[in-house]
Structures are given as C-alpha cells and as structure tokens.
Amino acid sequence: MMIESVLAKRVIWSCIPLLFLSSVYAEDEKKKAPASKAPETVTIKTELLKVEVKLKGSFEAVETSEMYIRPEVWSGLSIAEAAGHGDKVAADDVVLELDKRKIDVAIEDLELQIVTTELALAQTEAGLETLRKSVPQDLESARRGAEEAEENMQRYLEIDRPETIKDIEQQVKGAHHGLLYQQEELDQLEKMYKADDLTEETEEIILTRARHGVESAKHRLKKAISAQDHALNVLLPRQTIDFREAEQSATLALERAEAALPAAIKEKAIGLQKQEIAFGKLEKKLERMKGDRKMMTIRAPHAGTVYYGQAVRGQWSDATAKAKMLVPGASVQPGAVLMTVVRNEDLFVRATAEEKQLADLHPGDPVAVTPTAIPGEELVGSLKSLSAIPVSPGKFDCEIDVELDEQANRIVAGMGCEATIEVYRQPNAILVPKAAVAEDGEDDDAHVYLVDGEENKKQRVRVGRHVGDRLEILRGLNPGDKILAKNLD
C-alpha cells in the first residue's frame, strides 16, 4: 500500500508541468487568432463604358458579272480557251471561248435539212393546188357517171328490156307463123298431088322440099322458143343485175368522191400545215443554234479582274475546282457559273452578325473596318443593311459601306476584315460586380446592400447592360456610395 501511494504522488507531480505548458500554449494560440473578417465592399465611382460589336467580314465588289452559258438547244459544251484567274480584262475582252467545231457541223446539217424541207414543202403546196383544181372536175365526173347509170337503168327497165322481150316474142311468133305457112303449103301440095294417080318426079321434089321447109320451120320455132326462154330467164335478168350494179357502183363512186375528194384536200392542207410548222421549227432551231454559237464566245461586260467560280457572300470557295474545269477540252455544264469579272474599284463589306447581336445593330451605325491585309489601317464605314431573315442558323447578313483611301487600293474583293461597331457609350457609367446585385424578378429591377456605417441597408437599383462580370447600374446608386461586394440574399 505504501509503495502504491508513493507511485501515485509521483505521477501527479509529473503531470503538473504538462498542464501548465498546455494552458500557456492555448493562451498563445488564442492571441494569434484574428478577429472576425469584415465583409468586402465596393466604393461606387463613374467610368467610361463603351460596348462594341465585332464582326468578321470580307470585301465584296459592288459591280460583278458572272460568266456562264445557258444555250437554248445546244449541249455538249467544252472549253477551247479561258482567261486566267486574276487576269485583268477590259470591257468586251474575250474571257472564255468554247469549242465550236461540233456546233458548226450541226448548223451545216440543219441548213441542208431546211433546204430539203423547203423543197418538199413547195411540192406539197403544188400538189394541194392541183388537187383543189382537180377535185371539182372529179366530183362532176362522178356525178355524171351516177346520173348516166341511173338513166341507163331507167331506159333499160322502161324501154330496152320491154322491147327486147317483144322482139323475142315476135321472133317466136314469126317462127310459129313460118311453121304454119310451111305446113299449110305442104298440106296443099299433098292434096293437090294426091289427086293424080301418078306422082311425077318434079312433084316429089317439090313435096320433099316442102317437107324440109316444115322441118326447118319447126327447128326455127324450137330454137326461137329456146332463145326466148334463155333470154327471159337468163340474159335479161343478168342485164338487169348488170345495170343495177352499174347504177349502184356509180352511186357509191359518187358518194366516195363526195366524201373522199374534199377530205383529200383537207388532208393535204393539214399535211402542208404540218410541214410548214416543221419548217418553222427547223428555222427557229437554226436561229437558236446560231444564237447559242454566239454565246460560246463570252466577253467581259466591263473592265475588271477575272475570278474563277462564283462568289458566295463574297468568297470564291470553288475557285480551285473551277480552275481544273477551265482547261481546253474540259466539259462545261450549261448554266454553271464558270468565272466572275469583278470591278475592284468599288467595294463594300459583307459581314455576319449573330442573332444575339441584332438588338444592338441599326442601319446607319458608324463602323470601323480593319482589313486583315493592313492591320494598322482603320477604314471609315457605316452599316448599310441587315438581312430580315437568317442566312444560316443564328446568322444574319450585314452590308457595310466603306470609304477606301489610297492605301486601301491594295484591297480587292475576297479579302477579309474585321468590322467594329460601337453600339453603346456612357462616359459616366456606374459598374458593379454581378455578385453584388440580386434580382427582384420584375423587369430590370434589383437590389444591392448599401453600407451605412456598421449597418447594411437594402437599396433598389435599375440594371442596364451586362459587361463581362459586371453590371451597369442606371439608377439607385451615386458616386461615393459603398456597397457590399457580395449580396446577402
């Protein structure tokens, strides 16, 4: 127990110095700790506020002429000779010559075709004139033939046929009478010679002759009857059919003539009209082809510089591709712009503005133009116009009139530049950090905390332009005021 008591006392006495040292250290640290930091403030003062809009642009000529060929009928265009990219040309100088060999051959062929067509047209005209003269005669002939056939039929039925029948009947009747006469003569001879007991040789001869006469008369009668039957049953019906068919054929021939002959004139006239139309088309084609040939020599409409390709918003992005096309033998697409003659004496600037910049841009605004080729040069200009619709998503077109001085003569169309437009100037502007301002949610109203001694008071302000990380205060603060750099709200 005594040993434990001694050990306890030693531990206590050894801890006393440690307690003393720790209290001293804590006091020193407490002295070193700074007092609570005061909030950061901003003293209000005025300064020049200038807002500028900078636009990238390029110089563009006021007077440009695109060189292309748009033929009416000819195709298969190819280059014969072309002016070089950057060549200076005078008005009416040849800048592009196309190969005319094929079109010359085509024109010769077409001229020969026109001569041949003209001859055929003359023949058709003569044929039509002859037809117009012959058709009335042919119609009259057809009418006369029909009338004669009708008259022949009528005469046959009324005169010729009945007479023929009477003739035949008369022939039969004559043959019958002849037989009767012969038979009566024979009978009389036989009676006369029968009274004699003996018949003389002469009498026998006479009787024989009489008998032959009777036989002949019978034969003639039989033949007449047969002829009568044949005529009445065969010949006369056939003649009736022949006359009737002749009448019908003549009538049909007249009907065909009346229908076909005038139609032949119309058909011939239509054919002539078609030939005249075709001839007119050939003449017009020849005229157009000759016009196309004239187009194949392209001349500069005014003096200027040759640029290959077509300018799109002041840039010749296809100049390299067009240079490969403008070589002898290369094919040319009709209507494609091959080159542009540019008059570099009168230039303007075409620039692109973003949609968010439009509110600050107005036609008539002064513009400072700095050419990329002359960084130290600043040209005077003014904003001429703004496009009403975007030229690409979020991008709008600007045209800027610019005054070119002697040094700027080195500038040509296609060169770049930067346009600077001062859209706002306030010589006594009040600018505060954005962190110092809290919005109130109503228009541009906001508030800051005004430092008044040890007290911070809420002060309503009207906010103007945003300039980087600062805001312009239009109303509510005065020079010399002190505000909290960070809003408490």
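The values are calculated or read from the model by the stated rules, or taken from the named source; none is laboratory data. What you see is a predicted model; the values in this text were computed from it and never measured. Glycine gets a Cβ as well: all are built from the backbone with ideal geometry, and neighbour counts include every protein chain shown. Each accessible area value is taken on the protein alone, full model and side chains, heavy atoms only, with ligands, DNA and RNA left out. Shrake-Rupley method; radii C 1.70, N 1.55, O 1.52, S 1.80 Å.
Summary of values
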read-out: Options [x] 1.00; [y] 2.80; [z] 2.23 - which one matches Cα Rg over 2.2 N^0.38 Å as calculated here; value: [y]
read-out: Nearest-10 value in Å² for the accessible area of LYS384, using the 1.4 Å probe; value: 110
read-out: The chain, accessible area per residue, ligands and nucleic acids excluded (1.4 Å, Å²); value: 64
read-out: Label point 7 Å beyond Cα of VAL423 along Cβ direction - residues of region 357-374 with amide nitrogen under 16 Å; value: 357-368
read-out: Value of [θ]222 nm, deg cm²/dmol, for the chain, DSSP H segments ≥ 4, -39500 (n - 2.57) each, nearest 500; value: -16500 deg cm²/dmol
read-out: The chain: DSSP helices with Cα axial extent of at least 30 Å and average Kyte-Doolittle hydropathy no lower than -0.5; value: 2-32
read-out: Solvent-accessible surface ranking, highest first, for ILE206, ILE79 at 1.4 angstrom; value: ILE206, ILE79
read-out: FRET efficiency, LYS218 to ASP242 (Cβ-Cβ, R0 56 Å, nearest 0.05); value: 0.95
read-out: Carbon + sulfur, % of accessible area of region 332-449 - ligands and nucleic acids excluded, 1.4 Å; value: 47
read-out: The chain, relative contact order in percent, only Cα pairs under 8 angstrom and at least six apart counted; value: 29
read-out: Listed residues SER317, SER78 arranged by accessible area, highest first, probe 1.4 Å; value: SER317, SER78
read-out: Stretchable slack from LEU180 to GLU47, in nm (0.36 nm times residue separation minus alpha-carbon distance); value: 31.1 nm
read-out: Cα→Cβ-extended label distance, 7 Å offset, between GLU354 and GLU204, nm; value: 16.3
read-out: FRET efficiency for GLU111 and ALA259, using Cβ-Cβ distance with R0 set to 45 Å, rounded to 0.05; value: 0.60
read-out: Accessible area (Å², 1.4 Å probe, nearest 10) - GLU255; value: 100
read-out: Cα-centred dipole magnitude for the chain, charges only on beta-carbon of K, R (+1) and D, E (-1), debye, nearest 20; value: 3040
read-out: Apportionment of accessible area to carbon and sulfur, region 170-324, percent (1.4 Å); value: 54
read-out: Proximal lysines relative to LYS457, as straight alpha-carbon distance under 25 Å, when same-chain residues fewer than 8 apart are discounted; value: LYS37, LYS45, LYS434, LYS482, LYS486
read-out: Most to least accessible of GLU406, GLU378 (protein chains only, probe 1.4 Å); value: GLU406, GLU378
read-out: Estimated distance in nm for a label pair at GLN154 and ASP229, the labels positioned 7 Å out from Cα along Cα-to-Cβ; value: 3.7
read-out: Solvent accessible area, Å² - ARG238, 1.4 Å probe, full protein context; value: 140
read-out: Percent accessible area from carbon and sulfur atoms, region 98-148, protein chains only, probe 1.4 Å; value: 51
read-out: Set of lysines with alpha-carbon distance to LYS324 below 28 Å, sequence-local pairs under 8 removed; value: LYS88, LYS100, LYS102, LYS294
read-out: Relative contact order [Cα under 8 Å, 6+ residues apart], region 352-489, whole percent; value: 19
